[in-house]
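Q: Structure incoming, see below.
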Amino acid sequence: MKTIALISLGLAITSSFPLYAGIQEYDELEQELSRQREERKIWIEAVSKQQEDNNTAAGIVSVVTHEEIERYGGKNLFDVLNRVTSVYMTGSHLWTESVASVRGDLSSIINNHTLVLLNGRPLRDSLQGGLNQIVFRDFPIHQIEQIEVIRGSGSVLYGTNAFSAVINIVTKKNNANSVTLRGRYGSGNTGQTEGEFS
């Protein structure tokens with residue numbers, strides 16, 4: 001009887017070692033997954049005017065990172081924003097490429113229901129308050145770190161023009177002195193050149 005008890009005790013002890021090893025592996029895997037989640041976090045500021053994680057922000061936010069901008073291959077901000085969910089870029093005969101219609105809200109040819117921010121500061125023209133053609137067409141997209149598109153009203157935080165959405169353009173932080181020249185040439189004798197010094 002003692003022999004059977006000792007054998008069953010020995011079997012119980014040896015069978016618990018794989019269980020303990022499985023728990024250790026699970027804990028290591030859980031730590032690795034949480035480290036990877038922390039690395040992939042995207043920090044935004046436009047929802048509540050303070051830095052917070054995209055997944056815990058109190059708003060419906062689409063974030064376009066600079067890697068995605070490079071993959072899109074768009075030639076300007078108009079092309080990049082046209083790929084964002086619920087954003088329809090349009091314009092009129094007079095002001096082409098000037099309106100970002102979000103969630104189907106297109107009341108006029110002036111972009112007065114979508115507020116455009118540059119690093120959290122509003123970009124408003126002095127004439128109509130919503131002519132963003134120059135920003136959408138001529139902003140240097142290689143200087144953008146990320147674009148935050150908040151779908152829904154932002155009037156409480158930002159005031160006028162934030163009726164249907166807020167688009168925050170966050171630029172890259174440049175620490176080194178550099179000179180950059182870029183150029184493109186297309187069909188029909190069209191081209192674009194730009195240079196910058198930082």
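Read the figures in this text as sums done on the coordinates, not as results from a lab. None of these values were measured; they are calculated from a predicted model. Cβ: placed from backbone, ideal geometry, glycine included. Neighbour counts: every protein chain shown.
Q: Lys49: which aspartates and glutamates have alpha carbons under 15 Å from its alpha carbon, excluding same-chain residues fewer than 8 sequence positions away?
A: Counting by Cα, and skipping residues close in sequence, Lys49 has these aspartates and glutamates nearby: Glu148.
Q: About its Cα centre, how strong a charge dipole does the range 56-197 have in debye, to the nearest 20, once Lys and Arg get +1 and Asp and Glu get -1 at the Cβ?
A: On the way: 12 positive and 12 negative charges, 12 e Å.
For this selection, approximately 60 debye.
Q: Now for a separate question. By count of other Cβ within 10 Å, fewest leading, how are Arg137, Arg35 ordered? Walk me through the numbers on the way to the answer.
A: Values: Arg137 16, Arg35 10.
Neighbour counts put them in this order, fewest first: Arg35, Arg137.
Q: Taking every pair of alpha-carbon atoms in the range 56-197, give the share separated by more than 25 Å as a whole percent.
A: Values: 2759 of 10011 pairs.
Summing the P(r) tail past 25 Å for the range 56-197 gives 28 percent.
Q: Also, I was wondering about something else. In which sequence would Tyr88, Tyr26 go, from the one with the fewest C-beta neighbours within 10 Å to the one with the most?
A: Values: Tyr88 15, Tyr26 10.
If I rank by nearby Cβ atoms, fewest first, I get Tyr26, Tyr88.
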